[in-house]
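To start, the structure under review is shown below, and the notes come after it.
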Amino acid sequence: MTRKQKRLTLIGSAVGVLALAVGLILFALRDNVVFFYGPGELVEKHVGAGTRLRIGGLVKTGTLVHLEGKSVKFEVTDGKADVPVTYTGLLPDLFKEGQGVVAEGALDTAGVFKADSILAKHDERYMPREVADALKKQGVWQEGGAAAQPAKNAGAAQ
Amino acid sequence: MLKYANPTNFLALAGRLIPWLAAATALLLTAGLCLTFFVAPDDYQQGSSVKIMYLHVPSAWLSMMCYVIMTSAALGTIVWRHPLADAAQKAAAPLGAVFTLLCLVTGSLWGKPMWGTWWVWDARLTSVLVLFLIYLGLIGLWQTIEEPAQAARAAAILTLVGVVNIPIIKFSVDWWNTLHQPASVFKLGGPAISGSMLWPLLIMAVAFTLLFLTLHLMAVRNEILRRRLRRLSIDAAHAEEKSEATA
């Protein structure tokens, strides 16, 4: 082996080992790296009342209720489980039924998630209003769901 | 190709390429911005805030592409000890830092009206901030070590260590739950972005790439000339010392 090849092998193996180390660290810390849990994970992990965390999912259609003042009540779903959430305060513009949401707060003893901050989550779909309306009319619209299908149709609708 | 690894030949080539690249950049950037503001439609949810994407996404792509280019230059420095690779490395760091900052700032400006927050510590945002800090660290390293060949080797090692962050940035949105949305363009099953918004975005991406290439070539050229000047002034100082000694 020439000196150049030696250096190249050394670098290759060093970067490989480093990548493996970082990969293992991130895997071990995965509970801290995630920004939020889905309702399904929340149920699986049996998180106790009072533990601060974030939950994320879709605002379940038909569950959003505006109470007096600036309070709202809704359910967050990921298709596996639903968690009831209450919140008092200003909501982001994108917040509505069927839209992604991340709520920060804690469960109370009754199993209701008391949120003190609500963030809207935007999905990866980008389209003009006319295309979205056309998709809804055709009945191929999937609220917050699998994104690839409507996007392909969106191309055809152009 | 190898002929241009010679700094003198590279200078000649860069001199010929830069005006054309600069002209193409100006043309495409103008066209891209006109498309962004006057042609591309508003989004069904985001309204006109979607226009931020046309700056944000190309900056994000370039911030990573710049790092990949810098990494290949770092290999050139460590494995082949080539001075042109040193110059390419050094020239890339500030450009990468600027594209990363642009990505962070535009993202923050979009996040406030859409998410309801300027910043969150999710995996995507944090890993891009780490990329920005790596760029700053590299710039600092280049400024601290005076001997160019030594600085190049130190920077190359830091660059190669930091390359681990690039796949983390790219796949953070798939590996972990993040507030940041998953990839819209480079995803399985084709882009999730409407055609009328995709092609202005791609034109902006090409424009940003050309902008990077132009600025990078200019910066590499400056670095080569700066090194020659340094060499000349050192030689001149030596010659002066010698003549004083003999006098």
task = Within the stretch A:1-46, count every residue that is within 7 Å of another protein chain (Cβ to nearest Cβ) and among the β-branched types (V, I, T).
result = 5
task = Filter the stretch A:59-73 down to the residues that are closer than 16 Å to A:Q99 by Cβ and either small (G, A, S) or within 16 Å of the chain's Cα centre (by Cα) (or both), then identify the one that is surrounded by the most Cβ atoms within 10 Å (Cβ to Cβ).
result = A:V59
note = Screening B:L211, B:L129, B:L179, B:L133 for residues that are at pLDDT 95 or above and buried (at least 16 other Cβ atoms within 10 Å of the Cβ) leaves only B:L211
ask   = Among the residues of the stretch B:146-194 satisfying the criterion of being farther than 30 Å from B:A40 by Cα and aromatic (F, W, Y), which is farthest from the other protein chains (Cβ to nearest Cβ)?
value = B:W175
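Does B:V39 satisfy the criteria of being among the aliphatic types (A, V, I, L, M), surrounded by 22 or more Cβ atoms within 10 Å (Cβ to Cβ) and at pLDDT below 95? Write out each step before concluding.
Numbers: among the aliphatic types (A, V, I, L, M): yes; surrounded by 22 or more Cβ atoms within 10 Å (Cβ to Cβ): no; at pLDDT below 95: yes.
For B:V39, the condition - among the aliphatic types (A, V, I, L, M), surrounded by 22 or more Cβ atoms within 10 Å (Cβ to Cβ) and at pLDDT below 95 - is not met.
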note = Among A:V72, A:V102, the single one that is assigned to a strand (DSSP E or B) and away from chain B (no Cβ under 13 Å) is A:V72
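The values are calculated or read from the model by the stated rules, or taken from the named source; none is laboratory data. Model, not experiment: these values are computed from the prediction. For neighbour counting, all protein chains shown are included, and Cβ atoms are generated from backbone atoms with ideal geometry for every residue, glycine included.
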